[in-house]
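Data first, discussion second: the structure below is written as structure tokens.
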Amino acid sequence: MAKKNPGQRNFFRFMTLIGVVVIGGLGYSFLVAAPKLSDQEFHKNTSSVETCLKCHVQFSEEIPIMPHRPMGSCTFCHRPAEKT
């Protein structure tokens with residue numbers, strides 16, 4: 001196997017660094033994309049997925065439909081509403 005010259009080695013290191021930064025940025029963007037739950041009273045007491053699904057799977061003018069499949073925990077992605 002031929003030895004790589006230092007220029008090639010630095011190029012591949014640089015490309016690896018760019019790949020890691022891009023993949024890390026996309027992962028971070030995905031995790032922070034979910035909106036914070038509103039400060040409405042019904043969101044402050046939400047602790048189970050079933051409670052969320054009761055409202056967000058039925059069609060209503062005021063309540064948005066959940067744009068993804070049900071997850072194990074809503075607050076894994078969505079920041080919970082502040083309890084007062």
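Each value in this text was obtained by applying a stated rule to the coordinates, not by laboratory testing. Since the structure is predicted, the reported quantities are computational estimates derived from the model, not experimental observations. Please note: Cβ atoms are built from the backbone with ideal geometry, for glycine as well, and neighbour counts cover all protein chains shown.
A Cβ distance below 9 Å, combined with a sequence gap of six or more or placement on separate chains, defines the contacts here; from segment 1-28, residues that are surrounded by 10 or more Cβ atoms within 10 Å (Cβ to Cβ) reach residues that are part of a helix (DSSP H, G or I) in the pairs LYS4/PHE12. A search for C-beta distances below 7 Å between a residue of segment 44-69 that is farther than 22 Å from PHE30 by Cβ and any residue that is exposed (fewer than 10 other Cβ atoms within 10 Å of the Cβ) and among the basic types (Lys, Arg), counting only pairs 6+ apart in sequence or on different chains, returns LYS44/LYS83. The residue that is farthest from the chain's Cα centre (by Cα), counting only those in segment 47-76 that are surrounded by 13 or more Cβ atoms within 10 Å (Cβ to Cβ) and hydroxyl-bearing (Ser, Thr, Tyr), is THR51.
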